[in-house]
Amino acid sequence: MQPLFLHPRDIDLSAPHLFWGAAPDAALTDSLAALGQVTPALVLETDGRPILAAGSRRAAALRELKGRTLCALALPEADPDASDHPLAPDGGPLSLPLRLGLIYLASNLGRAVTDAMAAAAGRYFVPLVGVDGFLALAGPQLFAPDDRRGRLVARWLTLPPALDALLASGHVPLGAGERLAALAPEDLNAFMPLLAAVRWSRGSLSAALAFLTEAARLAGETPAATLSRSGLLDLPGRGLSPNDLTAGLLAGLRRLRYPAVTTLEARFTALSRELSRGSRVKIRPSQGFESDSATFEVTVKSRQELSKAAADLAAMAAAPALPRLLAVAQEDVSEEPGEKT
Amino acid sequence: MSPPLWDITALAVDAAVAETPMAARARAALPEAAVTVLAAGDPLPQAPNGGRGLHVKAHPGRFLRPCPATRHYRCCGYQIIHIGENCPMDCSYCILRAYFRDRTLTAFANTEAMFAELGRVFGRDPSRLFRVGTGQFADALALEPITGHTRELLGFLAGHPNVVLELKSKTADLTWMEADPDPKTVLPSWSLNAPAIVAAQERDTASLEARLSAAQACVQAGYRVCLHFDPICWFEGWEREYAATVDMIFDFLAPDDIAYVSLGSFRCLPELPGRLMAEGRELPRYMLGEFTIGPDGKTRLLRPLRVRQLRFMARRLAGHGFSRGLYCCMESDEVWRAALGQAPRELGGLAAHLLARAHNPGGTRPCS
Ligand code: SF4
């Protein structure tokens, strides 16, 4: 194979088969400037025109270095041994786009494949060979044999490609794909601002979506409608810390789903704060508010601390808030099911 | 050709009970069913044509059991005679879903052993009163046209007037009346629900009208009846729906015709919704209520919401002149007081109160 020397600006760096293409970093540009290109790129020549098959970051970096050419090895357009390696789903020779995609994957072999990279590969291959074909052709290069990510990526690929950026940025985990795929497109669209607002774990996103969809079902409306009247879409703009924002969103969605439970909890919390102000006594309600009782708990390390706790408890026994706290579940908290919150 | 009763296309009879009257009745009632006599250890045959099987067998254990109560909630002291397992109807809230994975129905044909056990218990002290029902794991009457179990039992109980048998069902079957029991010793009873719940969540059950017509027929024959609102479900419009059912009761019955009415808010094992979804069903909306886990480990509607349900039902029933025989099923004293204005203790204990209602139309303790 004779090396070719190509002008990097003559090469299409945005071709879809270069699905992991990224801007070169300073280290690569510096290395190319100081040492020159130590590894050739790969091109496929079709009709005398070279198509870059691997080496897009090198090509992009060389564009920035005046007068530099890209050294590339040209692979034949069709694999002469194709019949011996029938990778194509129909057993015939590989189509050019498939071959380009697989060469690109092969040239990246050994690289750690993130969830977002696997999804990006899927976006390229699935339109060409379907999900099963993608997993059969590219799966072995992307996933270890016992890696369940193949199935998760397949599920993710049913989502709109706009979500891939959130996967790449770590806002949405791959495992949430199934939950998100269950949303109608307009509901997913409505939830997008919240998806982008925090870094969701699979568990927290799953809980958030369950709260939302169940609240909507109880209200007899779409999740998008529930969300739009909830006021939660304004929360990301309030300058909260990431943790507070996540907690605030989850609490708000839980309130939508469980208005009576959360009202009772809030009443109990307010009364227990009032009652235990200035003491280290912690007060817990009965399980599920099933009985008119509460648990008072205090940890002491000394005689003095115990005396103080005893005095605090005596004061609580006389406080007007105590009977209200004990009877908190007797107050009506009900709303009509489905009533707007 | 009419479809087979309850879709039963296979009748499997254990060899040990093949010669019993119940096995003979089942054969006669299911003339089209594929009949197999099973030797010990034989597997159950597959029911043909996508139908279900009925397995007639002997029950090896105790027949009389206390109703499964917990120490956290007030129990009604009911005792249950174990007559068989599984139910041909299909209610989305049914606890049997947690116990039985297949559709096979089971009926226990060793009634001689059952009567021997019951005779020892009921005959020990004839002045001791019992309130019993059948079918801890089944509807009391669903299989009656096939097995004749209740008719046989009523024949036996004729010699034990200290026992009142409650027959709780969602069918309108009255074939048990052929046993001609003393009406004072039988309490036919029906589970009722909101029309929307009956229509959407109680597959293959009799309509509300059919249940209440059957209750009316019993009253006309001299029986008092019992009604059970269990589970009361929380869903949009529940008040209107349950009011409709309560009002309908009194189109068919007078307050004095009813020995007692139980009220029980929907509660379930936490895994029930998952089981339903695993069957490919959409979760009913009433299962999306505001639930908490009670101290008995069951999922229950939040207490203030339950109180609201139970209070609503009590007031509606009281509006029709029925209040004395009302009780809450598996509830705490707190809920009793909030919903009904008194705790079981003030009635002399729930079990004693219901025993008195069951044995005496006036509802006071009979002199013994
Ligand atoms: S009728 Fe009773 S036993 Fe049968 S499925 Fe319904 S709740 Fe269960």
Can you pull out the residues in the range B:99-124 that are in contact with a strand residue (DSSP E or B) (Cβ under 8 Å, 6 or more places away or on another chain), open to solvent by 20 Å² or more (accessible area, probe 1.4 Å) and within 24 Å of B:Leu354 (Cβ to Cβ)? B:Glu117, B:Val121
List pairs: first in the range B:125-152 and farther than 12 Å from B:Ile83 by Cβ and open to solvent by 20 Å² or more (accessible area, probe 1.4 Å), second of a type in the set (S, T, N, Q) and more than 11 Å from the ligand (Cβ to nearest atom), Cβ under 6 Å, 6+ apart or cross-chain? B:Pro126/B:Asn162; B:Ser127/B:Ser368; B:Leu129/B:Asn162; B:Pro145/B:Thr175
Restrict the check to the range B:148-163 and report whether at least one residue is within 14 Å of the ligand (Cβ to nearest atom) and out of contact with any Gly (no Cβ under 9 Å at 6 or more places or on another chain). no
Residues within the range B:278-331 that are at pLDDT 90 or above and not in a loop (DSSP other than H, G, I, E, B), tallied: 31
For A:Ala120, which of the numbered conditions (1) small (Gly, Ala, Ser); (2) open to solvent by less than 50 Å² (accessible area, probe 1.4 Å); (3) not assigned by TED's automatic domain parsing to the domain that holds A:Ser95 fails to hold? (3)
Of (1) modelled with pLDDT under 95; (2) of a type in the set (Gly, Ala, Ser); (3) farther than 30 Å from B:Gly237 by Cα, A:Ser291 satisfies all except one. Which? (3)
Taking the stated definitions as given, is B:Tyr223 away from every other protein chain (no Cβ under 14 Å), away from the ligand (no atom under 16 Å from the Cβ) and crowded, with 19+ Cβ neighbours inside 10 Å? yes
If you take the residues of the range A:14-27 that are open to solvent by less than 40 Å² (accessible area, probe 1.4 Å) and of a type in the set (A, V, I, L, M), which of them is farthest from the chain's Cα centre (by Cα)? A:Ala15
Only listed residue being in the same structural domain as B:Cys76 (by TED's automatic domain parsing) and open to solvent by less than 40 Å² (accessible area, probe 1.4 Å), chosen from B:Glu166, B:Glu178: B:Glu166
Only one of (1) buried (at least 17 other Cβ atoms within 10 Å of the Cβ); (2) more than 15 Å from the ligand (Cβ to nearest atom) fails for B:Ser213. Which number is that? (1)
Which listed residue, of B:Ala109, B:Ala140, is within 21 Å of the chain's Cα centre (by Cα), within 16 Å of the ligand (Cβ to nearest atom) and modelled with pLDDT of 95 or more: B:Ala140
Conditions (1) buried (at least 19 other Cβ atoms within 10 Å of the Cβ); (2) more than 16 Å from the ligand (Cβ to nearest atom); (3) not polar (S, T, N, Q); number of the one not met by B:Ala194: (2)
With a cut-off of at least 2 residues that are free of Cβ contacts under 8 Å to residues at least 24 places away in the same chain, open to solvent by less than 40 Å² (accessible area, probe 1.4 Å) and more than 14 Å from chain B (Cβ to nearest Cβ), name the helices (runs of 4 or more DSSP H) lying wholly within the range A:189-305. A:242-257
What do you reckon, is B:Ala98 in contact with an Asp or Glu (Cβ under 9 Å, 6 or more places away or on another chain) and either within 16 Å of the ligand (Cβ to nearest atom) or at positive phi (or both)? yes
Selection status of B:Gly135, within 13 Å of the ligand (Cβ to nearest atom) and closer than 24 Å to B:His59 by Cα: yes
Among the residues of the range B:302-323, are any more than 14 Å from chain A (Cβ to nearest Cβ), farther than 29 Å from B:Val186 by Cα and surrounded by fewer than 21 Cβ atoms within 10 Å (Cβ to Cβ)? no
If you go through the range A:124-135 one residue at a time, do you hit one that is of a type in the set (Ser, Thr, Tyr), open to solvent by less than 70 Å² (accessible area, probe 1.4 Å) and farther than 19 Å from A:Val198 by Cα? yes
Those residues that are open to solvent by 10 Å² or more (accessible area, probe 1.4 Å) and in a helix (DSSP H, G or I), I need them from the range A:57-69; list them, please. A:Arg57, A:Arg58, A:Ala60, A:Arg63
Would a scan of the range B:14-32 turn up a residue that is under 17 Å from B:Asp102 (Cβ atoms) and under 29 Å from the mean Cα position of the chain (by Cα)? no
Every residue in the range B:226-244 that is away from chain A (no Cβ under 14 Å), in contact with a Pro (Cβ under 8 Å, 6 or more places away or on another chain) and surrounded by fewer than 21 Cβ atoms within 10 Å (Cβ to Cβ), please. B:Ala244
Checking the condition open to solvent by less than 40 Å² (accessible area, probe 1.4 Å), over 32 Å from the mean Cα position of the chain (by Cα) and more than 14 Å from every other protein chain (Cβ to nearest Cβ), which residue from A:Ala321, A:Ala315 passes? A:Ala321
Out of everything in the range B:165-191 that is in a helix (DSSP H, G or I) and of a type in the set (S, T, N, Q), what residue ends up being nearest to the ligand (Cβ to nearest atom)? B:Thr175
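The values are calculated or read from the model by the stated rules, or taken from the named source; none is laboratory data. Computed from a prediction, not measured in an experiment: that's the story for all the values here. Note that each Cβ is placed from the backbone with ideal geometry, even for glycine, and that neighbours are counted across all protein chains shown. In case anyone asks, the SASA skips ligands and DNA or RNA and just uses the protein heavy atoms, side chains included. Shrake-Rupley method; radii C 1.70, N 1.55, O 1.52, S 1.80 Å.
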